[in-house]
Ligand code: UGA
């Protein structure tokens, strides 16, 4: 099948590459000329395991190409995916200007029947706006051409994007036309080998499904974060509690890891956008507001613990202290720093007068754009520990899971670890002579 994917960001690039891998002819489009020139040479603008190899192979085999020429891509393709960004506007609602501008461009250049697919995360009702935008452009041209608008939200996770796309838990197709639904099913059939979990529904329900899924996951994490704080106060161990409740199949074990608060480009933005949508309908979605508030508080928990343990009072309670940080990206296997809890934590430590040194396997370049030379960086996780007053773990990269504790103990001024991701066993840490402060397991 001939398809184009407009917007070569995380979702667009992964989706386009995986569609090419399954045998389709795919043209990826972006307005960013430098990005497209780079992609043509195999330079991938994001860090995503496995993506580079797939892009190179499919380009070589002629199934995948990159262009800034949207008109050409639309004319060549039956299915046109819109995968451009929907950043939060000033009021928290999703900004649709890029989606609608692409829709208008499709209307200007299409020359036959087209299926237009919203892949970007967009609020309920966006497909209608896309339909109007395309129809207006066709009217302007006096062109009587048929098209269909489909909502096909994406559920992939950064860091596991290829696997999530190739072996999805489900694919949701919001579509009001039987013929178009059949074409979409055909496109996704290579990814349905494990189980056929392609769910066809009306367009509005598909749009809502994406927000409901992310809001539910953000709520699940937040609930566990709050239980963890209560565990700290009550002398219970949140990891035991997770085992205890997760064994109930209605609850499950996933997304119940307490931590430093959720971040990234999706949960914070989508929770805000859904709350905004509710507000526009005069509906008071109190649960979502609480999730947002609890998550911003959670991002402060680790720095509060550091202040409580090492602070000297005064305006700069951590003056003279050095904190070593392991992990800057919002989660492992990505260099993405958007809404990363590390930003809140480090800014607070700096405000309190601490000197901060940081290690991250992938995100240092991105982190430098935020912190500049206000903190120091190293690509060696042990170098930053020398004479630091404590180690604070923010992101659960695999290299932090089984470190050389003897070396850590020898390098730090005192054997003190604040763990925002509960990577180690409190008893073992105690035996090794560490003062260990995890989240929700200080019983
Ligand atoms: C999330 C969803 O998981 C994807 O299904 C969705 O497609 C994507 O948003 C999107 O809308 O594009 P992503 O933001 O890449 O994916 O990352 P997640 O792995 O979901 O993690 C989000 C945040 O939750 C991270 O900050 C992570 O540390 C935190 N988290 C996750 C926890 O604190 N505890 C957990 O148990 C799980």
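The values are calculated or read from the model by the stated rules, or taken from the named source; none is laboratory data. What you see is a predicted model; the values in this text were computed from it and never measured. Note that we place each Cβ from the backbone using ideal geometry, even for glycine, and neighbour counts take in every protein chain shown.
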- prompt: Any chance region 407-426 includes a residue that's in contact (Cβ under 8 Å) with a residue 24 or more places away in the chain, assigned to a loop (DSSP other than H, G, I, E, B), touching a helix residue (DSSP H, G or I) at 6+ places or on another chain (Cβ under 9 Å) and over 29 Å from residue 239 (Cα atoms)?
  reply: no
- request: Please tell me if residue 265 is within 12 Å of the ligand (Cβ to nearest atom), out of contact with any strand residue (DSSP E or B) (no Cβ under 9 Å at 6 or more places or on another chain), at negative phi and not in a helix (DSSP H, G or I).
  value: yes
message: For region 324-340, give me each residue that is under 13 Å from the mean Cα position of the chain (by Cα) and either in a helix (DSSP H, G or I) or closer than 22 Å to residue 296 by Cα (or both).
response: 329, 330, 331, 332, 334, 335, 336, 337, 338, 339, 340
query: Any residue at all in region 285-304 that is at pLDDT 95 or above, in a loop (DSSP other than H, G, I, E, B) and within 14 Å of the ligand (Cβ to nearest atom)?
result: yes
- prompt: Is it the case that some residue within region 371-384 is within 21 Å of residue 239 (Cα to Cα) and surrounded by 20 or more Cβ atoms within 10 Å (Cβ to Cβ)?
  reply: no
query: Within region 181-193, which residues are within 16 Å of the ligand (Cβ to nearest atom) and assigned to a loop (DSSP other than H, G, I, E, B)?
result: none
- line: Counting only residues in region 124-147 that are within 29 Å of the chain's Cα centre (by Cα) and surrounded by fewer than 21 Cβ atoms within 10 Å (Cβ to Cβ), the one farthest from the ligand (Cβ to nearest atom) is identified as 131
task: Would you mention how many residues in region 152-180 are closer than 14 Å to residue 114 by Cα and either crowded, with 18+ Cβ neighbours inside 10 Å or within 16 Å of the ligand (Cβ to nearest atom) (or both)?
output: 2
- prompt: Is there a residue in region 246-260 that is closer than 20 Å to residue 90 by Cα, at pLDDT 95 or above and within 12 Å of the ligand (Cβ to nearest atom)?
  reply: no
statement: Per the filter on region 213-227, residues touching a helix residue (DSSP H, G or I) at 6+ places or on another chain (Cβ under 8 Å) and free of Cβ contacts under 8 Å to residues at least 40 places away in the same chain are 224
message: Which numbered condition in (1) over 25 Å from the mean Cα position of the chain (by Cα); (2) within 11 Å of the ligand (Cβ to nearest atom) is the only one that residue 233 fails?
response: (2)
task: Output the helices (runs of 4 or more DSSP H) that fall wholly within region 1-106 and possess 3 or more residues being touching a helix residue (DSSP H, G or I) at 6+ places or on another chain (Cβ under 8 Å), or say none.
output: 10-21, 51-60, 70-76
